[in-house]
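Working notes, structure below.
The values are calculated or read from the model by the stated rules, or taken from the named source; none is laboratory data. Please read all numbers here as calculations on a predicted model, not as lab measurements. Here Cβ is always computed from backbone atoms with ideal geometry, including for glycine, and neighbour counts include all displayed protein chains.
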Amino acid sequence: MLYLFCGFLSGAVLAAICVPLFRKEETLESAIIEETEWDLLQRKKEVILGNIQDLDFEYKCGKLSSDDYQKIRAEMNRKRRPCLSKSKNSNPPKISTP
């Protein structure tokens, strides 16, 4: 009888530990952890805009010629346009609060 009680008690403790680990909840914490397509677009947009700012700074410091600056800037703007249009069309993820 004691072994049976210990077995049930161990199973209950194990279940109490494992159930929260495998349960999927729509809470603020899970929304922060999950990375959506919108998050990836925002990060890509930030990287491209940062690169453009760095390029502008290097040009003002005299590290780049005017021709190189114009070519690289045009290329970065071509990469930026699709990212901006996609991020405007997509909506940010909705976070449910408990």
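Quick look at the values:
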quantity: Single residue of Phe8, Phe57 found to be part of a helix (DSSP H, G or I), modelled with pLDDT of 90 or more and among the aromatic types (Phe, Trp, Tyr); calculated: Phe57
quantity: Residue check for Lys94: loosely packed, with under 13 Cβ neighbours inside 10 Å and at pLDDT 90 or above; calculated: no
quantity: Count of the stretch 65-90 residues which are at pLDDT 90 or above and outside any helix (DSSP H, G or I); calculated: 1
quantity: Residue match in the stretch 19-42 (condition: at pLDDT 85 or above and of a type in the set (Val, Ile, Thr)); calculated: no
quantity: Pairs with Cβ under 6 Å, 6+ apart, first in the stretch 3-30 and of a type in the set (S, T, N, Q), second modelled with pLDDT under 85; calculated: Thr27/Pro98
